[in-house]
Each structure stands twice: as structure tokens, then as C-alpha cells.
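Engineer: Handing you a structure now.
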Amino acid sequence: MKVLVTGGAGFVGSHVVEHLLRAGHEVVVVDDLRTGRRENLPPGVRLYALDILDPRMGEVFEQERPQVLSHHAAQASVAISLRDPELDARVNVVGTLKLLQYCVRTGVRHFVFASTGGAIYGEATAIPCPEDYPPRPISPYGVHKLCAEHHLLAWSALYGLRGTVLRYGNVYGPRQDPEGEAGVVAIFTATMLRGRPPVIFGDGLHTRDYVYVEDVAEANLRVIEQGVEGVYNIGTGVETSTRDLFDLLRELVGYRGEPVYGPPRPGDVRRIALDCRRASEAFGWHPRTPLREGLSRTVAWFRSRLGERP
């Protein structure tokens, strides 16, 4: 199949691109390169350096005529969504709507949407949280991702476009940007490798469901190849506190200091982990990478990137 991956030069998107190529599919990438990097892409992959809100996106669809759209381009920071909710809405809602229009116009058969399980459910009382738990997001980012999900499902019903929503946990692994405001594993790892104390916002007892990026890419490949529709959590079902994450990374990095504690951040949920049994039953996906193993691979990648020896 020919697959167009938006955000394909970014952290998660580039791993999805690699998995698709290894499986023999043709891949085209759209990425505005604000956070994505050309070097994340394998040689020979066609890249359109465009924002998804750029009117020229229509020309890309007309020229390439993909069968599948894998939509990973996003504004992915809860903190930025609180500072500039209109920006978040333009990218995550309007951007998705424009892509849906292009898909219907050019005959795309399958739209796979990278959503969030960490922000959509809000302060859930059922943990691990299943897909049918009533979503109550507490940040503009979570609200807009949920809105985009509803648009996709509505367009699927209206026009017969196959729609798949993948609600990710906290994805981590090689290529994650340590300079942004999201991605605590990358931020902690790079900070400690540079000999500085990382900042824990709040008391360190907030929990997240950390899922390795290669496992996430495998989930994307499976739903694309099997033509799966519906809404699916992609995580591990395991809660890990921020303090426990710091302790694991400190050991792997060899850092001897303590973190700095800052005030809690608005919009951050207290606890979350995702029930992923639906993905297992529908397309045979399971998270394969234990947290310690995934963190070890991630630390090794950051060591090589920062020029340090293991």
C-alpha cells in the first residue's frame, strides 16, 4: 500500500515510517520540520516540508493518491495548549478536518489517527482505563484530540472512510526531543547525562503509562495491514510514578544527584494507565518491551547522540 504519514519526520512518526518500509509498503511523508528532523527518515523517502494547514496539502494528496493516511502531525504539549488553546485547536482540530476533506476528495480508504490516552480520560477512577470509560479531559490538548476523534468517526459514518483511533500512553524511546515541554523520559535522560538535576513537577507521585515507541509503531503497522477500525488504547496497563521513573533512569545513566521539585502543572492528570485488551483481541497487539529494557535502549541512544560513552 501507499501510506502518507503526517509528522513522519518526528519522534513517533519516523518509527512508523520505518516499520511500514520494512513491511514492503510505499511511504510518503509530510512534516513541517519544526520538531521533526530530516535525518530521522531513511534515505529515499519522499518528504514534503509542509504544515498540514498549508493549502498546498491538497496538491500533495492529488499527486500522491495514498490509500492510507497515518496522521501523527500534532501540537502535543499540554502546557502549550494551556498557553495558546487557539493554536492547539488550529493544529489538532482544524488540521485534522482539512485532512479528512482531502481524504474524501482523493479516495483515501483508511485514516489512522494518533490520539492520546494520557489526556483524554481526565482524572479517571477506573485504572487501567478502558476505551469505553467516559472521557473528561482537563486540558485543551485533551479536549481537541477528543474533538478530532469525533470528527474522524463522523466522517467514517458519512463517507465510508475507514477510521482508526489509537490512544497512546506516554510514548518514549530513541529520537524523542529532550528540548520540548513534553516527553519526560527524554528530558530527564538528557538532563542527567549533562550532569544537571531534572525537575519533577509536583510530589513525584503522579503516574503514567510508559510505552516504548517500537511497540507503538508495531500497533500502527498491524491496524494498517489488517484494515482494523475503531478506538484502541496503546499502552502497557502499568502505572509508573514520576519518582520511580527518575530512580530507574538515574541508575541507568549513573547520575548521583537528586531531582528538583517544582509546583504541579495545570492540566496534568494525577494517575493514568491504559487497558489495552481491546487491541489484543482485535489485532493481536501486545506491548513487548519491559520498561527497564526500553529505558536502557533509550539511554544508550542519548549517550551516542550527546557524544558520551556508555
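The values are calculated or read from the model by the stated rules, or taken from the named source; none is laboratory data. The model shown is predicted, which means the values in this text are computed figures rather than measured ones. Virtual Cβ from ideal backbone geometry, glycine too; neighbours counted across all protein chains shown. Keep in mind that these areas ignore ligands, DNA and RNA; they rest on the heavy atoms of the full protein, side chains included. Shrake-Rupley method; radii C 1.70, N 1.55, O 1.52, S 1.80 Å.
Engineer: Please determine, by comparing only the residues of region 65-84 that are in a loop (DSSP other than H, G, I, E, B) and open to solvent by 50 Å² or more (accessible area, probe 1.4 Å), which one is farthest from V30 (Cα to Cα).
Structural biologist: My answer is D84.
Engineer: Can I ask one more? Which of the residues spanning region 85-141 are charged (D, E, K, R) and open to solvent by 30 Å² or more (accessible area, probe 1.4 Å)?
Structural biologist: Here is the first cut: in region 85-141, the residues charged (D, E, K, R) are 86, 88, 90, 98, 105, 109, 123, 131-132, 136.
The answer is E86, R90, K98, R105, R109, E123, D132, R136.
Engineer: I'd like the residue in region 40-64 that is over 24 Å from the mean Cα position of the chain (by Cα) and among the acidic types (D, E) and, out of all such residues, is surrounded by the most Cβ atoms within 10 Å (Cβ to Cβ).
Structural biologist: Only one residue tops the list, namely E64.
Engineer: Now for a different question. What number of residues in region 142-167 are open to solvent by 10 Å² or more (accessible area, probe 1.4 Å), outside any helix (DSSP H, G or I) and within 21 Å of R90 (Cα to Cα)?
Structural biologist: Within region 142-167, residues that are open to solvent by 10 Å² or more (accessible area, probe 1.4 Å), outside any helix (DSSP H, G or I) and within 21 Å of R90 (Cα to Cα) number 1.
Engineer: On to the next question. Given the conditions (1) open to solvent by 70 Å² or more (accessible area, probe 1.4 Å); (2) farther than 23 Å from A76 by Cα, and given that R270 satisfies all but one, which numbered condition is not satisfied?
Structural biologist: (2)
Engineer: What number of residues within region 290-305 satisfy the criterion of being crowded, with 20+ Cβ neighbours inside 10 Å and not hydrophobic (A, V, I, L, M, F, W, C)?
Structural biologist: 2
Let's see how each residue does on (1) touching a helix residue (DSSP H, G or I) at 6+ places or on another chain (Cβ under 7 Å); (2) assigned to a loop (DSSP other than H, G, I, E, B); (3) closer than 26 Å to Y232 by Cβ:
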{"site": "E39", "(1), (2), (3)": "no, no, no"}
{"site": "V60", "(1), (2), (3)": "no, no, no"}
{"site": "D88", "(1), (2), (3)": "yes, no, yes"}
{"site": "A114", "(1), (2), (3)": "yes, no, yes"}
{"site": "E123", "(1), (2), (3)": "no, yes, yes"}
{"site": "P134", "(1), (2), (3)": "no, yes, yes"}
{"site": "P137", "(1), (2), (3)": "yes, yes, yes"}
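Let's see how each residue does on (1) in contact (Cβ under 8 Å) with a residue 24 or more places away in the chain; (2) under 15 Å from the mean Cα position of the chain (by Cα); (3) within 30 Å of V68 (Cβ to Cβ):
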residue: P197; (1), (2), (3): yes, no, no
residue: H206; (1), (2), (3): yes, no, no
residue: V216; (1), (2), (3): yes, yes, yes
residue: N220; (1), (2), (3): yes, yes, yes
residue: G227; (1), (2), (3): yes, no, yes
residue: N233; (1), (2), (3): yes, yes, yes
residue: T236; (1), (2), (3): yes, yes, yes
residue: E239; (1), (2), (3): yes, no, no
residue: L245; (1), (2), (3): yes, no, no
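Engineer: Taking region 1-35 on its own, how many of its residues are assigned to a loop (DSSP other than H, G, I, E, B), under 20 Å from G173 (Cα atoms), free of Cβ contacts under 8 Å to residues at least 40 places away in the same chain and open to solvent by 10 Å² or more (accessible area, probe 1.4 Å)?
Structural biologist: Final tally of qualifying residues: 2.
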